[in-house]
Amino acid sequence: MKKRYVDEKIIKKWLEEAENARRIRREMADWNFINSQPPRLREALKYYVETGDIRRACIFAGMDLEDFRDLLRKAKIPVIV
Amino acid sequence: MSTKRRIGIADTCFLIDWARYRDKDILFKIFDLVFISETVLREIKSDLTISWVASKLAENKLALYTETDDEIEEARRLVLLSREIPHMISIDLPEALCLVVGRRKGFIVLTENKGAIMATEVFEEYKDVIVWRALEVLLTAHLERKIDIDCKNPLKHFRGYQEDTLHIFSNKDLDEVRKRIEKEICR
């Protein structure tokens, strides 16, 4: 598989979008709910807030994708794509 | 006269949010058929999503896509390649498989995975793959007049989707779709 030269503009655009999404997740999240969770879930939720990476967050939480998506809703953490 | 059928292939992240949307059956006014891979089907667990997916499979609006070994192998290579690039958003096998099938079959990939969207900008082989999020599905429903449109409130359905799913569209995206609806439908 041929790898394309990754244009710095593409990377910059995605990094800016990721930062904007992170800011919104931090602002909208219910931190009281997050901090009241058992350690494993709490850290998984925090990881998601910081990265938006749902699959890794699911592994940390020990939950499947749909259950973790429900947990995100309870924690008022939006999915931003 | 024949018209080309519009066929999609959906990943898990798209399906589990879309299944919560009040007007979810709009999807089938836009697509003639939407495939779900076996990999994705195995990830669906909630009663709500299973109920919707099962009923639409029974109605032949959704169909099961059985991946070939070759497609899985290509998807695995794509996953590995994506992880070798600094700042590349992680892409995982279910989404990679959708991209591979989308590329090979010309299906529209339905995903909410940023890594999958980014991959079409980064990898030459996938630059022609059409990737739609819920945003593009809803916009298409408007532009093709498959949904009731309130020109006084052109973002009504987008707001409804956000309320039902807690899936947030960016202000920039919402501004762009509002302008397109106003220009092309509500002029």
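The values are calculated or read from the model by the stated rules, or taken from the named source; none is laboratory data. The structure displayed is predicted, hence computed values, not measured ones. Using ideal geometry, Cβ is built from the backbone for each residue, glycine included, and neighbour counts are taken over all protein chains shown. Just the protein is used for accessible areas: all its heavy atoms, side chains included, with ligands, DNA and RNA removed. Shrake-Rupley method; radii C 1.70, N 1.55, O 1.52, S 1.80 Å.
Give me the percent of Cα-Cα pairs in the range B:67-187 that sit more than 19 Å apart, rounded to a whole number. Before the final figure, lay out the partial values.
Numbers: 3889 of 7260 pairs.
Beyond 19 Å sits 54 percent of the P(r) for the range B:67-187.
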Can you tell me the orientation of helix B:69-84 relative to chain B, as the angle in degrees between its alpha-carbon axis and the longest Cα principal axis, to the nearest 10? 80
Along its principal axes, what span do the Cα atoms of the range B:11-149 show, with the longest given first and each in whole Å? 44, 30, 24
Can you pull the percent of the protein assembly as shown's accessible area that's carbon plus sulfur, 1.4 Å probe, other chains left in place? 50
Sort by residue number and report every cysteine in the protein assembly as shown with no other cysteine beta carbon within a distance under 4.7 Å. A:CYS58, B:CYS13, B:CYS98
Please compute the average number of Cβ atoms from other chains found within 10 Å of each residue's Cβ in peptide B:56-63. 0
Over every pair of different alpha-carbon atoms in the protein assembly as shown, take the mean of 1/r and invert it; report that Kirkwood radius in Å. 19.3
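To two decimal places, what compactness ratio does the range A:24-63 give when its Cα radius of gyration is scaled by 2.2 N^0.38 Å? Could the numbers behind the result be given before it?
Details: Rg = 9.4 Å, N = 40, 2.2 N^0.38 = 8.9 Å.
It is 1.05.
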Taking the chain alone as reference and the full protein assembly as comparison, with a 1.4 Å probe on protein heavy atoms only, the residues of the range A:67-81 that lose at least 10 Å² of accessible area are A:ARG69, A:ASP70, A:ARG73, A:LYS76, A:PRO78, A:VAL79, A:ILE80, A:VAL81
In degrees between 0 and 90, to the nearest 10, how far off the longest principal axis of chain B does helix B:134-143 point, with axes built from Cα atoms? 40
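Using only alpha carbon pairs under 8 Å that are at least six residues apart, calculate the relative contact order of the range B:71-126 and give it in whole percent. Walk me through the numbers on the way to the answer.
Numbers: 50 pairs, mean separation 18.1, N = 56.
RCO, the range B:71-126: 32 percent.
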With springs connecting C-alpha atoms under 10 Å apart, model chain B as a Gaussian network and identify which of B:ILE85, B:ILE147, B:ILE44 has the largest mean-square fluctuation. B:ILE85
Round to the nearest 10 and give me the degree value, 0 to 90, for the angle of helix B:47-58's Cα axis relative to the longest principal axis of chain B. 90
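Per residue of B:121-129, how many C-beta atoms from partner chains lie within 10 Å of its own C-beta, taken as a mean? Could you put the intermediate results ahead of the total?
Numbers: counts 8, 8, 5, 5, 4, 2, 1, 0, 0.
Per residue, the number of nearby Cβ atoms from other chains is 4 on average.
I'd like to check one number: the per residue accessible area of the protein assembly as shown, probe 1.4 Å, reported in Å² as a whole number.
The answer is 49 Å² per residue.
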Shielding by other protein chains, B:167-174, mean Cβ within 10 Å: 4
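Compute the relative contact order of chain B as a whole-number percentage, counting only Cα pairs closer than 8 Å that sit 6 or more residues apart in sequence. Display every interim value, and only then the final one.
Details: 239 pairs, mean separation 44.8, N = 187.
Result for chain B is 24 percent.
Return the tail of the calculated pair distribution for the range B:52-134, meaning the percent of Cα-Cα pairs more than 19 Å apart. Walk me through the intermediate numbers first.
Values: 1275 of 3403 pairs.
That fraction is 37 percent.
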Surface/4 of the Cα convex hull for chain A, nm²: 6.4
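Starting from the Cα gyration tensor of the range B:131-174, multiply each eigenvalue by 5, take the square root, and state the resulting semi-axes largest first in whole Å. Please list the in-between numbers first.
Values: eigenvalues 51, 33, 19 Å².
That gives 16, 13, 10 Å for the three semi-axes.
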